[in-house]
Amino acid sequence: MAVSRLLSDVANALVGAAKDEDVVHRVVNDLKEVVTQDRATWTKAAQKGELHPYVQHAMLMLLEHDMLDELPRFLTLVLGAAQTNADHRNVRVTSPIELTDDERKQVAKLITKKFGGTHTLEERIDPSLLGGLVISIADWHVDASIKGKLARLTHTLTA
């Protein structure tokens, strides 16, 4: 219970500080990178100043309490706090090929217009989509892929 409480407190403090400085997007992205890397890689990134200082401080706190194995759970708590307290959303964008910078900007503009706040794009590639995009944010889901359109057309014709 003490571990959960400490993780929650650190996650909320991290998001609160990031919100005050308008860097929630950067902090969330940096923390996602840390979670996907081994300790040596993110330690080097921190030493080079590539991680936001708030993320570095949070990592030091987790290290001091021997809680680095709780990083995935910590990220989940940070994402929840960011959404609840800082109007930040994790956006999953699935496309058949890697998005271009212009396409990323168009998706970002659409998400900002629809939801406001800040967001982090999580990109996935699924060649079976054939074309278009699938965008998911929590329980909001838009399938604008060719695969999805064909499935809806098939359903309409066979219903």
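The values are calculated or read from the model by the stated rules, or taken from the named source; none is laboratory data. Please read these numbers as outputs of a predicted model, since none were measured by experiment. Cβ coordinates were reconstructed from backbone atoms using ideal geometry, including for glycine residues, and neighbour counts include every protein chain displayed.
Structure summary
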item: Selection count, the stretch 41-59, where residues are out of contact with any helix residue (DSSP H, G or I) (no Cβ under 6 Å at 6 or more places or on another chain), modelled with pLDDT of 90 or more and not in a loop (DSSP other than H, G, I, E, B); result: 4
item: Checking Thr120 against (1) surrounded by 15 or more Cβ atoms within 10 Å (Cβ to Cβ); (2) at pLDDT 90 or above, the condition it does not meet; result: (2)
item: Filtered residues of the stretch 108-159 (kept if touching a residue at least 12 places away in the same chain (Cβ under 8 Å), over 23 Å from His88 (Cα atoms) and among the polar types (S, T, N, Q)); result: Ser128, Ser145
item: Positions within the stretch 138-159 being surrounded by 13 or more Cβ atoms within 10 Å (Cβ to Cβ), outside any loop (DSSP other than H, G, I, E, B) and either among the small types (Gly, Ala, Ser) or modelled with pLDDT under 90 (or both), in sequence order; result: Gly148
item: Of all residues making up the stretch 77-98, the number that are within 21 Å of Asp30 (Cβ to Cβ) and either outside any strand (DSSP E or B) or β-branched (Val, Ile, Thr) (or both); result: 13
item: Residue count for the stretch 27-64, restricted to those that are touching a strand residue (DSSP E or B) at 6+ places or on another chain (Cβ under 8 Å) and of a type in the set (D, E, K, R); result: 1
item: Which listed residue is crowded, with 16+ Cβ neighbours inside 10 Å and closer than 27 Å to Gln106 by Cα, from Leu31, Leu14; result: Leu31
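Yes/no matrix, rows are residues, columns are (1) of a type outside the set (Gly, Ala, Ser); (2) out of contact with any Cys (no Cβ under 6 Å at 6 or more places or on another chain); (3) without any contact (Cβ under 8 Å) to a residue 24 or more places away in the chain:
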site: Val3; (1), (2), (3): yes, yes, no
site: Gly16; (1), (2), (3): no, yes, no
site: Lys19; (1), (2), (3): yes, yes, no
site: Asn29; (1), (2), (3): yes, yes, no
site: Leu51; (1), (2), (3): yes, yes, yes
site: Val91; (1), (2), (3): yes, yes, no
